[in-house]
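Participant: Can you keep this structure in mind? I'll have questions shortly.
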Amino acid sequence: MATTSPPPAADPVWTDGPDGYALALDGASLVCRNARGRRLKTVPKKVRESAEAEHLRGVLLRLERHERECVERVESWLLGSLPVPASVIARVWADPAWRELLTDLFVVPAGGGDGGFLRGVDDRGRIGVLDLDAESVWLDADRVVPVHPVLVEDLEDVREFALELGITQRLPQLTRAIHRKPDAVEAGATAVEDYSGGEFDQLRHATGRAQRYGFTVRGGYAVCRVTERGRPVQARYWIGSDAPDYGTETGRLLWVDDAERPLRLGDVGPIAWSEGIRMAELIHAGRRNTEEETTQS
């Protein structure tokens, strides 16, 4: 498969600094070499505090912000199983931040058909994948979908195949925990109570846990936003709204539509259900272990 290959790893680009020193960024680190061209183990203080070093730190901050923005965008595609134009992937492929996130994502053609693990883009803008027969193929599609794992057919087989090939994903997709809505769910109900009653010694512990896993906190709820069948949906899990140093107890998990109207559980789609339960489980797992305390008392 001839693809638009990533540029080879380059040596650091050196910038002249004070007193004959030179500075560069090597990954996320500021590095230095002396006037004889020997790279130093540490950066001298006068070089570290120079205007040139400050400029490079600013460049690093911009790169880190760019990487975060790329992660947020690709994750939004994944959380909505949104069709992405092949032309967009072709345009961003040369950017290492984008390429690391997109490489080995499991994608399928937007119009239906077999997919595979994204491996590259050719000079005609076609998407190259490694399919489930371990063959390199070109997808004849103008758009591809990074599929949410709850929608992947034969998910366990795909996971096993990826494991056999040693495939790793910069943005977890196949390894993401999924939760399927049970057939016995009460269709007319509007909330799940399974994760209520989780006690935290301080509200900040619950909010910190939510934020650590990438969820926003608003109005006492941890919030996860997804796109279901092209429409925005929010899962909301009550964690409390008192002062940060007060104790709190978790409450119900519910879903709302784009007008913030509660959805009946029977109307909650598979992605929104899976991501809502995942959020509640991650936060609830950090609760105070009351059962252990009872045993010890």
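Participant: If packing is taken as the average count of other Cβ atoms within 10 Å, what order do 82-93, 240-251 fall into, highest mean first?
Facilitator: Highest mean packing first, the order is 82-93, 240-251.
Participant: Sticking with this one: If you work out Rg and Dmax of the Cα atoms in Å from the coordinates, which of (i) 22.4, 68; (ii) 24.0, 82; (iii) 23.9, 75 do you get?
Facilitator: Matching the structure shown: (iii).
Participant: Now, a different point. With the other protein chains left in place, how much accessible area per residue, in square angstrom, belongs to the chain at a 1.4 angstrom probe?
Facilitator: Roughly 57 Å² per residue, with all protein chains present.
Participant: Taking H placed 1.01 Å from N in the peptide plane, check which residues at least 5 places from VAL144 or on another chain put their amide H under 5 Å from its amide H.
Facilitator: VAL84, ALA86, ALA110
Participant: While we're on this one: For the chain, what does -39500 (n - 2.57) per DSSP helix run (n ≥ 4), summed and divided by total residues, give at 222 nm, in deg cm²/dmol to the nearest 500?
Facilitator: Counting only the DSSP helices, I get -9500 deg cm²/dmol.
Participant: Say R0 is 22 Å: what FRET efficiency, to the nearest 0.05, do VAL88 and ASP114 get from their beta-carbon distance?
Facilitator: So, using R0 = 22 Å, E works out to roughly 0.55.
Participant: Just the number, please: Stokes-Einstein D of region 170-249 in µm²/s, Kirkwood Rh from C-alpha pairs, 4 °C, 1.567 mPa s.
Facilitator: Calculated translational D: 88 µm²/s.
Participant: If you consider only alpha-carbon coordinates, what radius of gyration and Dmax does region 196-289 have, in Å?
Facilitator: Both quantities, over Cα of region 196-289: 13.0, 40 Å.
Participant: Then there is this: What does a probe at HIS179 reach in region 230-271, counting residues whose amide N is under 15 Å from the point 7 Å along Cα→Cβ?
Facilitator: The answer is 234-239, 250-256, 265-266, 268-271, whose backbone nitrogens lie closer than 15 Å to the label point.
Participant: Collect residues whose amide H, placed 1.01 Å from N in the peptide plane, falls under 5 Å from the amide H of ILE127; neighbours closer than 5 in sequence don't count.
Facilitator: LEU139, ALA141
Participant: Could you give me the percent of Cα pairs per 5 Å distance bin for region 59-144, shortest bin first, beginning at zero and ending with the bin that holds the maximum distance?
Facilitator: Values per bin, smallest distances first: 3, 15, 26, 25, 17, 8, 4, 2, 0.
Participant: How big is the accessible area of LEU163 in square angstrom, nearest 10, if you roll a 1.4 angstrom probe over the protein chains?
Facilitator: Rounded to the nearest 10, the figure is 140 Å².
Participant: While we're looking at this one, here's another question. Quantify, in whole percent, the carbon and sulfur part of the accessible surface of region 47-153 (1.4 Å probe; protein heavy atoms only).
Facilitator: Carbon and sulfur: 47 percent of the exposed surface of region 47-153.
Participant: Report the extension gain between ARG252 and ARG225 in nm, rounded to one decimal, defined as 0.36 nm multiplied by the number of residues separating them, less their alpha carbon distance.
Facilitator: Contour length minus the Cα-Cα distance gives 8.0 nm.
Participant: Which FRET efficiency value, to the nearest 0.05, do you get for ALA285 and ARG264 by plugging their Cβ-Cβ distance into 1/(1 + (r/R0)^6) with R0 = 25 Å?
Facilitator: Using R0 = 25 Å, I get an efficiency of 0.40.
Participant: Under 15 Å from the Cα of LYS181, which aspartates and glutamates turn up, not counting those fewer than eight places away in the same chain?
Facilitator: The qualifying aspartates and glutamates are GLU193, ASP194, GLU228, ASP267, GLU275, GLU281.
The values are calculated or read from the model by the stated rules, or taken from the named source; none is laboratory data. Keep in mind it's a predicted model, so treat the numbers as computed, not measured. All Cβ positions, glycine included, derive from the backbone under ideal geometry; neighbour counts span all protein chains shown. All accessible areas refer to the heavy atoms of the entire protein, side chains included, with ligands and DNA or RNA removed. Shrake-Rupley method; radii C 1.70, N 1.55, O 1.52, S 1.80 Å.
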